[in-house]
Amino acid sequence: MFVYAIVSLGAIGLFFGLVLAFASQVFYVEKDPKIEAISEFLPAANCGACGYPGCGAFAEAVVKGEAGISDCAPGGNDVASKIADVLGVSAAESTEEYVAEVACMGGREYCDEQFVYHGINDCRAAMMYANGFKACDHGCLGLGTCVEVCNFGAITMGDNGIPIMDPDKCTGCNRCKNICPKNVIRMINKKTKHHVRCNSKDKGKVVKRACKIGCIGCGVCAKNCPEEAITVEENLAYIDSHTCTNCGKCIEKCPRDCITDTLDFKTKALS
Amino acid sequence: MGDLLPIFFGVIFVNNLVLIQFLGICPFMGVSKKVDTSIGMGMAVTFVMTLAAVITWMIHNWILVPFGIEYLQTVSFILVIASLVQFVEMAVEKISPSLYQSLGVFLPLITTNCAIMGLALLNITNEYSLLESAVHGVGGAIGFTIALLLIAGIREQLELAKMNDLVKGISVAFIVAGVISVAFLGFEGVV
Ligand code: SF4
Ligand code: SF4
C-alpha cells in the first residue's frame, strides 16, 4: 500500500518534471545576462520603493535604462556602484543619498487647528474630515501615520506634533513619503543642509493667517542667494540641492523663519 | 451524446463555476479590468482546465483507484495542475510577452485557482467518464471565460462613468459581479 503511494506519486512527479524540462527547452526565452547579474546583488527585499513590483522587475528596468542605478533605496550606495559596474557607467553620479524630511514646521505653537478632531488616530482618517483639522491646508497633521510605517525607526513624533526624522537611520525608502496624505514629506539630498520647511502653496495672506512660520513666497531668499539656488513657484520657495553651497544667507534674510540649516528639527525660532 | 450536451451547457450556464459555484473569484476580480487581458486569461484557463480535467481523470481512475490510494487525490491533482500552469507560463512568455506582462501574477496563480481544482474534483464525485470529464472541462473553461468577458466589458465602461469615490473601482466591480450572478440564477432548471 505504502509503496504504491510513494512509487505512483514519484512516477507522476518524474513524468511532469521531464515534460517541463523539455518544455523549458522549447520555450526558452533569451534574457539579457545583465538582468541576472544585477538581480544577484539586489537586496531581494521586494519592498517596491523603486516603483517596480519587485527586485526582478527593477533589474529589468535598470538594464533597459528606465530606472536609475541609484533607485534601489535599501541597497544604497553599495548596490548602486555594483549596478554601475555591470552597466559600465560611472558610479559617481549615483552616490547621492536622499533622506526624508517633513516640509512643515507648523507645530501646535505656530499653526492653529480649525476644529477639534476626535477621530481615529491616523492622518489618513483625519484627512477625510475637511482635509484635516489644521488651519493650514498643506501642513503636517502630526497623528504619526509615517512614524508607524517606518521600518527603520527613523521617525519619532515631536512634542509639537511634527515628526522628527533621524537622517542617520533613514534609508530613503519612500514609505513615509508615499503614505503621508498631506504629501508633506519630501526626499532631500543628504549633503545639502538648507531646506525650506514649508509645504504651503497658498498665497502669503492665507499663510500668515494660518501659520506663524509658513513660507509666504516673498522671494527674499531667492534675491539674497549668491548661487541663485532658490526659485519661488506657486508661492513656495525651493532650494536646489545641487547648486546650494550651504552658505546660510537665505536663513538670515527669511522673514518667516521657515528655512532650516540642519537635517534635524531646529530653527532660530525654536531655539 | 445524450449526456454530453447537458453537461456542456450545464456547466456554462446553470452551474457556471464563477457565477453560481463561486470558484476562482480571485482571477475573476483581478484580471477583469480589460477585455483583452481577460480573453488571454480565458484562453490560458481553458487550456489548463481542459487538460487538467483529462489528466486528473486518468490519474484517478488508472493509478489511484487500482492501487487503492485515493487519499492521494488532492496531492496528485495539485501536481498535475501546477505542472500544467508552469507549462502555460513558459509558453505564454515565449509566444506573447505582452500578455505575459498584463496577466502578471495571476498567471502562476492559476495553480491555486479553485475553479480548476474544483472542476477536477467534481469530475470524480459526479463519476463522469473520460469523455464526459473532458466536455465538462471545456464547458467549465468556456463558462469561466464568458463570466470574465461579461464583467470585463462592463468594467471597461464603468471606468468612464462618473461615480462616488466610495464605490469606484473594485467595490462597484463586486456589485456588478453580484448582479451578473443573480442574472445567471435565471438559468436554473433549464438543463
Ligand atoms: S524668504 Fe522665507 S518666506 Fe520668503 S519666500 Fe523665502 S522662504 Fe518663503
Ligand atoms: S545656503 Fe547659500 S547657496 Fe544655499 S540656498 Fe542658502 S543662500 Fe543659497
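Would segment B:160-181 turn up any residue that is assigned to a loop (DSSP other than H, G, I, E, B) and touching a His at 6+ places or on another chain (Cβ under 7 Å)?
no
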Quick one: would you say B:Lys94 is basic (Lys, Arg) and within 12 Å of another protein chain (Cβ to nearest Cβ)?
yes
State whether the residues of segment B:80-88 include one that is more than 7 Å from chain A (Cβ to nearest Cβ) and open to solvent by 40 Å² or more (accessible area, probe 1.4 Å).
no
Does A:Val220 count as touching a Lys or Arg at 6+ places or on another chain (Cβ under 7 Å) and within 9 Å of ligand 1 (Cβ to nearest atom)?
yes
Among the listed residues A:Lys177, A:Lys169, which satisfies the condition of being among the charged types (D, E, K, R) and closer than 30 Å to A:Asn224 by Cβ?
A:Lys177
Among the residues of segment B:91-113, is any under 19 Å from B:Gly24 (Cα atoms), of a type in the set (D, E, K, R) and touching a helix residue (DSSP H, G or I) at 6+ places or on another chain (Cβ under 9 Å)?
no
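Each row is one residue, and each column tells you yes or no for (1) of a type in the set (Ser, Thr, Tyr); (2) surrounded by fewer than 15 Cβ atoms within 10 Å (Cβ to Cβ); (3) modelled with pLDDT under 80.
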residue	(1), (2), (3)
A:Val3	no, yes, no
A:Val7	no, yes, no
A:Val19	no, yes, no
A:Phe22	no, yes, no
A:Tyr52	yes, no, yes
A:Pro74	no, no, yes
Are there any helices (runs of 4 or more DSSP H) wholly within segment A:170-271 with 1 or more residues that are within 11 Å of ligand 2 (Cβ to nearest atom), loosely packed, with under 14 Cβ neighbours inside 10 Å and among the acidic types (Asp, Glu), and if so which?
A:249-253
Going by the conditions given, is A:Cys50 touching a Pro at 6+ places or on another chain (Cβ under 9 Å) and either of a type in the set (Val, Ile, Thr) or away from every other protein chain (no Cβ under 14 Å) (or both)?
no
List the residue pairs whose Cβ atoms are under 9 Å apart, where the first residue sits in segment A:203-222 and is within 13 Å of A:His138 (Cβ to Cβ), the second is in a helix (DSSP H, G or I) and within 16 Å of ligand 2 (Cβ to nearest atom), and the two are 6 or more positions apart or on different chains.
A:Cys215/A:Cys221
Hey, A:Cys180 hits all of (1) without any contact (Cβ under 8 Å) to a residue 40 or more places away in the chain; (2) within 30 Å of A:Asn131 (Cα to Cα); (3) in contact with a helix residue (DSSP H, G or I) (Cβ under 7 Å, 6 or more places away or on another chain) but one; which does it fall short on?
(1)
Of these, A:Ala23, A:Ala73, which one is more than 14 Å from A:Val86 (Cβ to Cβ), within 14 Å of chain B (Cβ to nearest Cβ) and not basic (Lys, Arg)?
A:Ala23
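The values are calculated or read from the model by the stated rules, or taken from the named source; none is laboratory data. Everything numeric in this text was worked out from a predicted model, so none of it was measured. Methodologically, a virtual Cβ is constructed for each residue, glycine included, from the backbone with ideal geometry; neighbour enumeration extends over all protein chains shown. Please note that ligands, DNA and RNA were not included when accessible areas were found on the heavy atoms of the full protein model with its side chains. Shrake-Rupley method; radii C 1.70, N 1.55, O 1.52, S 1.80 Å.
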